[in-house]
Amino acid sequence: MYRIGTEHPLAPFTDLLIAEPYIRASTMTAFAQCPRLFFYQHRLGLSLNIPRVSRAISIGTYVHLAMQEVLQHPDRPWLEQQQAILKAAQPSLDALQPGSLGPNSPGGQAATESEQCLALALAMVGEFVRLYPPTSMKLIACEAPLAVHTTTPEPGGWLAGTPDAIVESDKGELWIIDHKTTSEPPSVSLSGRAWAYQTFIYPTLVTQVYGRAPVGFIYNFLQKASIRFCKKDATFEAYVDRCREWWNCCGESPFQSYYVRTDTASEGYRGFLVDLQATVHASTQPVNTVSEAYATFPRRAHQCLHYGRRCIYYDLCQAHAARLDELVKAYYRQDFQTPTEEGDTG
């Protein structure tokens, strides 16, 4: 395994100093919520060895994949767009189900769940496009990774992110398109901390990379149905039909598109800069062993539920410091992001 920005192998869990960390909205959110989540996920790059599908993350990933196809080829019929989306999603499905594993194995079950998430995501995007046809604005970039050096007093560091799309209006104004898959009604979904950080990170990146400040965001909200696939559904297709009925009869429309202008001179922007400096500082502190982090990053018990389920690092937080290195090597793997990769899409 290799550390970002070097050409030398990294011995597991040693020499964890990152000279120039890549700070994303997910990095800042993790640090603000739980220092240990930040350390295990963003400093060590740990993930479980066992394949597992997070329904929320998978649906969000496939929705973004589908919306990318819609924005890049707005004139294609929906059937052709679906075929292109399925082709683009196939590598991730193949990776979850090795040929030697059956459908009842952990890998096979993960692949089945992921296929169901893909089917539901396609249904959601189909409903959204029916209500909100693709924008007529000029597409400047789509899923383009951006990174600029931070301007905080801390030495080094990159501010990074991947806006879903950047478009230009007839008036020459730049807008950032951001797709949001939520479990809440769109009207109450803009209060999340991660989204608040994106509100400042993306305009900063676009301004420095393209030389023009964007005027705001176009938020596309796609709310997941508040019903589950269960025994009353003879097939998964029957469940998707129930979701469509829910989308068409619930009180507030689960699919909405908002135009929101930004203000980088606000009090919130100054607070963002303070949080950014704290995150960069924590990202550049040398930590030589996993067990050393036990004292460096205190656990906050109320954050042990992550994405609606128990945090995957829960056992590490509960174990004695002397067992941390052993647990990490037994149950986790290290996957370091490249400078152009984005964090989670929730």
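Only the coordinates and a few stated rules stand behind these numbers; no lab work does. Everything numeric in this text was worked out from a predicted model, so none of it was measured. All Cβ positions, even for glycine, are placed from backbone atoms using ideal geometry, and neighbour counts span all protein chains on display.
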request  = For each pair in Lys87/Lys138; Lys180/Lys232; Lys180/Lys329, compute the distance between the two Cα atoms and list the pairs where it is over 32 Å.
outcome  = Lys180/Lys329
ask   = Per q in 0.20 1/Å, what log10 I(q)/I(0) does a Debye calculation on the alpha-carbon atoms of the range 123-185 return?
value = -0.94
request  = Quickly work out the Glu252-to-Ser226 label distance, labels modelled 7 Å from Cα along the C-beta direction, and quote it in nm with one decimal.
outcome  = 1.0
request  = Give the order of Phe221, Phe39 when sorted by the count of other beta carbons within 10 angstrom, beginning with the fewest.
outcome  = Phe221, Phe39
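Could you calculate the contour length gain from Leu48 to Gln83, that is, 0.36 nm times the residue separation minus the distance between their Cα atoms, to one decimal place in nm?
Roughly 9.5 nm would be gained on extension.
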ask   = What ranking do Arg270, Arg55 get, fewest neighbouring Cβ atoms within 10 angstrom at the top?
value = Arg270, Arg55
ask   = Can you sort Arg228, Arg24 by how many other beta carbons sit within 10 Å, fewest first?
value = Arg228, Arg24
